[in-house]
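Comments concern the structure below.
The values are calculated or read from the model by the stated rules, or taken from the named source; none is laboratory data. Computed from a predicted structure; not experimentally measured. Neighbour counts run over all protein chains shown; Cβ positions are idealised from the backbone, glycine included.
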């Protein structure tokens, strides 16, 4: 227990002409107040008193300002000072969200499950609020959450660059494959032509050899008989 439990300080409050603005402090100081704490023990049932100082914010100057600041916006949002709000950068996801049967959360720029789909999941199952809107195993949910976090850190330009690099690699691999097939086709064609030339040469040698052998056999019969 602290004594006193309340102190009086000046604080900004009220309304502004702009409905998105609020009466906020422009100048703040820390004001110290002496307090006394009552410290009681359960075993001895005795209470002691401790003196201390407590610092409280006191507003010295007020003004109409946006209650939502730039640092309140997430990575999917852009700050609009004239509206005092965070606006979603990519609105193309909104229609896709509604087409999938889910609802769009403009405060977070995320697609969420409608309240009507919320159910109590059994043990080792958790409800997937942002994807399937069903009960899924805990391990699957943790894995998908990790993948979503990794993708959220990647900018659209980074993803496009990665896809472009993969396309270049795929085209290079296909070009190399076609070149290898073309070289192999030329090699097979040359081997076939060489084999055909060898076979023709062997055939000609056999034919010439058989003709020469027949001429040698006919020579004795053509010579005149001296007897």
So residue 46, is it more than 30 Å from residue 6 (Cβ to Cβ) and modelled with pLDDT under 90: no
For region 134-154, how many residues are at pLDDT below 85, in contact with a strand residue (DSSP E or B) (Cβ under 9 Å, 6 or more places away or on another chain) and within 22 Å of residue 99 (Cα to Cα)? 1
Looking at region 35-56 only, could you name the residues that are surrounded by 10 or more Cβ atoms within 10 Å (Cβ to Cβ) and either assigned to a loop (DSSP other than H, G, I, E, B) or outside the structural domain of residue 9 (by TED's automatic domain parsing) (or both)? none
Can you name every residue in region 14-34 that is loosely packed, with under 10 Cβ neighbours inside 10 Å and either within 30 Å of residue 80 (Cβ to Cβ) or in contact with a helix residue (DSSP H, G or I) (Cβ under 9 Å, 6 or more places away or on another chain) (or both)? 14, 17, 19
How about region 80-102: which of its residues are touching a helix residue (DSSP H, G or I) at 6+ places or on another chain (Cβ under 9 Å) and exposed (fewer than 14 other Cβ atoms within 10 Å of the Cβ)? 81, 90, 101
Restricting to region 103-118, name every residue that is loosely packed, with under 12 Cβ neighbours inside 10 Å, farther than 23 Å from residue 74 by Cβ and in contact with a strand residue (DSSP E or B) (Cβ under 9 Å, 6 or more places away or on another chain). 118
Per the list (1) outside the structural domain of residue 105 (by TED's automatic domain parsing); (2) modelled with pLDDT of 90 or more; (3) assigned to a strand (DSSP E or B), residue check on residue 13 breaks on (3)
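Please find, among 71, 59, the residue that is free of Cβ contacts under 8 Å to residues at least 24 places away in the same chain and closer than 26 Å to residue 29 by Cβ.
Values: 59 fails: free of Cβ contacts under 8 Å to residues at least 24 places away in the same chain.
None of the others qualify; the one that does is 71.
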In a strand (DSSP E or B), more than 30 Å from residue 135 (Cβ to Cβ), at pLDDT 90 or above and over 20 Å from the mean Cα position of the chain (by Cα) - does that describe any residue in region 66-76? yes
Could you please give the count of residues in region 124-140 that are surrounded by 12 or more Cβ atoms within 10 Å (Cβ to Cβ) and part of a loop (DSSP other than H, G, I, E, B)? 7
